[in-house]
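Below is one structure, written out as structure tokens; comments come after it.
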Amino acid sequence: MQAFAEGRQEFAMAKLVLPTLLLIAIVVGMPAHAAAPDADQARRIAEQFLATKQASASPQEAYEAGDIATADLDGDGEAEVVVLWTMLGPTYWHHGVTVLARKGQRYVPVGDAEEPLGSVEGMLVRNGIIELKTKWPGPNDARCCPSVPKTLRYRWSAGRLTPAK
């Protein structure tokens with residue numbers, strides 16, 4: 001009788017342990033999302049991207065990275081890298097914002113702001129929104145020195161940066 005009770009207890013224990021082991025095997029076997037790049041990795045990713053832009057630019061132009069942020073902009077569990085960059089020419093400059101997404105082992109450009117950004121003073125990324133603090137020329141401003149503050153907001157949606165309210 002005791003042997004029967006012990007066998008029954010082992011069976012009950014196996015009913016608990018087996019599903020737990022199966023669940024662990026499934027979780028371990030599932031592909032994990034890659035960790036978001038840290039600040040140094042994000043800077044290197046941005047610099048590699050800008051090196052490709054520089055390669056096709058005029059020899060008189062230079063590209064520089066400004067603010068760089070990592071965030072999951074589209075809720076897919078993967079962090080994108082957002083780069084605020086400046087193209088400097090001999091007598092001109094302009095800013096751009098590019099979203100870089102992970103494709104395989106690399107980050108590639110998947111979207112840019114397609115409108116003039118003014119003079120961008122800073123970028124903040126939160127809650128899926130890219131916010132740019134900018135200045136625009138006022139009626140009496142010299143071209144070099146815009147004075148009218150404006151905040152631009154963008155959302156990463158359907159594979160492109162679109163203005164957000």
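Just so it is clear, none of the values below were taken in a lab; they were calculated from the coordinates. It should be emphasised that the depicted structure is a prediction, and the values quoted were computed from it without experimental measurement. Because the Cβ atoms are built from the backbone with ideal geometry, glycine has one as well, and the counts that use them run over all protein chains shown.
Observations on the model:
- Scanning region 34-64 for residues that are under 22 Å from L132 (Cα atoms) and touching a Lys or Arg at 6+ places or on another chain (Cβ under 7 Å) turns up just one, Y63.
- Region 88-111 residues that are farther than 17 Å from D76 by Cα, paired with ones that are of a type in the set (G, A, S) (beta carbon under 6 Å, 6 or more apart): L88/A62; V97/A113
- In region 89-107, the residues that are on the phi < 0 side of the Ramachandran plot, surrounded by fewer than 14 Cβ atoms within 10 Å (Cβ to Cβ) and not aromatic (F, W, Y): G89, P90, T91, K103, Q105, R106
- Strands (runs of 3 or more DSSP E) completely within region 51-165 that count 2 or more residues being among the hydrophobic types (A, V, I, L, M, F, W, C) and within 14 Å of the chain's Cα centre (by Cα): 62-71, 80-88, 93-103, 106-112, 119-126, 129-136
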